[in-house]
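Every read-out reported here was derived from the displayed coordinates using simple, explicitly stated rules and does not represent laboratory data. Just so we're clear, the structure is a prediction, and the values are computed from it rather than from any experiment. Here the Cβ positions follow ideal geometry from the backbone for every residue, glycine too, while neighbour counts run over all protein chains shown.
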Amino acid sequence: MRWKDGRRSDNVEDRRGESPGIGTAAAVPVVLRFLPALVRSKVGRTFLIAGVLIFIGGRLLGVDIFSLFLGGGAAGPASTQEFSQQEQELADFVSVVLADTEDTWNAIFREQGANYREPTLVLFSGRVNSACGMATAAVGPFYCPGDQHVYLDLSFFHDLKVRHGAPGDFAQAYVISHEIGHHVQTLLGISSQVQQLARGRSKAQANALSVRQELQADCFAGVWGHAAHVDRRLLEPGDLKEALRAATAIGDDRLQQEAGRRVVPDSFTHGSSEQRERWFRRGFQSGDMAVCDTFSAASL
């Protein structure tokens, strides 16, 4: 990819080097559990009132008191000098790809008379606290609709190259653009509709809905790839092959085989290698969101 001269996004939050705590959202249930005992005790009431005042003062100053006392966020953002030049270049690359997805989706939404709300991409190392709960790097990159953030541990790109056999910068860009595809689904109300449809369904039926949602995100990633290639000439020879190789490498059937497990289609949540490649290619070739309606497709 010809990315080094590209615009950098302002929507990257670098939490690498931080030690995530449970945060306010997760700490509240803990406090509520002990609230009755605190209220019954005179000393407890005193501490409770003091705690509320400290919490309010902290919020006014922009400080998450829970995080400070429960082990997270106290270190602040890591300095860029703490990371190797290669890591910083990778973080820079992520920022450029995110900016390019912003340009693409802002233009598409504008054509439809809508506003695109740009997501935040959080870089973390090891584990991270999100509105969707605590997560480790083992889950891979993910999008959280609760805070409309994409979460990425850069070590995943090493796994993509070495473990999954899918090297290349456009393979990495495909992964980022897939997660941005989930953000587009959230803005369009598709994600909430899928959640509603999945309620009361069997596990296999819920998985089937998840597959359609994931394949649509792949197709949306392809729509971005089309714009990056046709409108901005960012792709170089071999880049498309890199993305298709990555889509194939992280298909459910391939991952189950690599884990030494039997391939069980009813357990798929993202789609087979063939399906993921097909839907990315479909978006890439057309550049049209309309071709990404996986929910109406008779065959995936």
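In terms of surrounding Cβ atoms within a 10 Å radius of their Cβ, Arg212, Arg117 rank from fewest to most as Arg117, Arg212. Computed from the Cα positions only, the extents of segment 140-228 along the three principal axes stand at 40, 28, 24 Å, in decreasing order.
Students often check this: by mean Cβ neighbours within 10 Å, which of 14-20, 204-210, 278-284 ranks highest, and how do the rest follow? Walk me through the numbers on the way to the answer.
Numbers: 14-20: 18.1, 204-210: 16.1, 278-284: 23.1.
Packing proxy ranking, top to bottom: 278-284, 14-20, 204-210.
Taking other Cβ atoms within 10 Å as a rough exposure proxy, Trp224, Trp3, Trp105 sort from fewest to most as Trp3, Trp105, Trp224. Gln195 label point, 7 Å along Cα→Cβ, cut-off 20 Å on backbone N: hits in segment 122-139? Only 122, 129-136 pass the distance filter. With the cut-off at under 14 Å, measuring from each backbone N in segment 109-133 to a point 7 Å along the Cα-to-Cβ line of Ala290 picks out 112.
May I ask you to compute the full-extension gain from Val139 to Val162, defined as 0.36 nm times their residue separation minus their alpha-carbon distance, rounded to one decimal in nm? Please report the intermediate quantities before stating the final value.
On the way: separation 23, 0.36 × 23 = 8.28 nm, distance 1.68 nm.
Extra length available between Val139 and Val162 comes to 6.6 nm.
A Cβ-based charge dipole, computed about the Cα centre of segment 194-300 with Lys and Arg at +1 and Asp and Glu at -1, lands at about 280 debye.
Among Asp293, Asp103, the order by Cβ neighbours within 10 angstrom, fewest to most, reads Asp293, Asp103. Spin-label model, Ala298/Gln85: points 7 Å from Cα along the beta carbon direction are separated by 5.8 nm.
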